[in-house]
1. Give me the extension gain from Arg230 to Cys171: residue separation times 0.36 nm, minus the current Cα-Cα distance, reported in nm with one decimal.
2. How much net charge surrounds Gln176 when only other residues with a Cβ under 12 Å from its Cβ are counted (Lys, Arg +1; Asp, Glu -1)?
3. Kirkwood Rh, the stretch 54-110, all Cα pairs: how many Å?
Amino acid sequence: MRSDMHKVVVERPRKDRHWAKSRPRPKPPFDDLPHHESIKARHIHRKHFSDLLGPLKRWLRSQVGRPWNDIYSEACAVIKPDSIVRAHIKGHMLQYVQRHTFMHGGKVCVIDQDYLRLGMIPVEERQHCSNLFFVHPDTGLLCAVAQPPSKHLEIPRPRKQPETLRWLNECFALKQIKGLWFECQFRHVPPKGQLRVYDHALGKHVLRKKLHWRDGQQLHCFAKRQLSRRQLRHFGLRNSPIASSIGAQSSVRSFGFGLRTALQ
């Protein structure tokens, strides 16, 4: 164990030392000095107390497989009892190591002192405790407790819905129907009155309430045509693999001139 482990674990560096070195506080004239001043008054940038226990855990993990008596002797040679800070590190070290173990049923067990379940349990089944290591009762070697795989709390991201409709303008759109992409031509329908028409995008006769809505207006698809390979590459689209068994759907009406105008 390092002799300065207590400094690494407990002490934090002074805050804003770069400011103190670059711009030191000017010393006032002798006549302006106070008659009485506390010793800590001029020490503004002080050290902070904090527990940085990562180095201590890594040191214990590097000692796994060695006799615990040798490890504890080396630690006590560095952690002197004459310092509160060093004794603080020793308390954390003993907190991580479960030393009161015994064999029962072929497993290393401990007495769980949890008020919810007081009794004898295997050392690897202890929950809500900081015992990361234990001393094997037969060999006296330091062993690590098998930790369960950590479950990272990830915010579930909403799945991006596959694109099935892409509007080119008010009257033309690209729509995927049964895995195949089609050029669909729409027109506005009158806002009032009964209506029952055959919608080629839906592939059936529909009433007014089943028609497409866009910008607060109802649209009726009265013609469609399947996209060619060249057009699919142009728009960055791809037919679904399941569409190969369906086959291409023929168009009811040809509107190539109007679509070329809309694409331009």
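Coordinate-derived values only; no laboratory data. All values derive from a computational prediction rather than experimental measurement. Ideal geometry is used to build each Cβ from the backbone, glycine not excepted, and the neighbour counts take in all protein chains shown.
1. On the way: separation 59, 0.36 × 59 = 21.24 nm, distance 2.17 nm.
That pair, Arg230 and Cys171, stretches by 19.1 nm at full extension.
2. Details: positive: Arg166, Lys175, Lys178, Lys224, Arg238; negative: Glu163, Glu183.
Around Gln176, the charge tally is +3.
3. Numbers: mean 1/r = 0.0784 Å⁻¹.
Its Kirkwood hydrodynamic radius stands at 12.7 Å.
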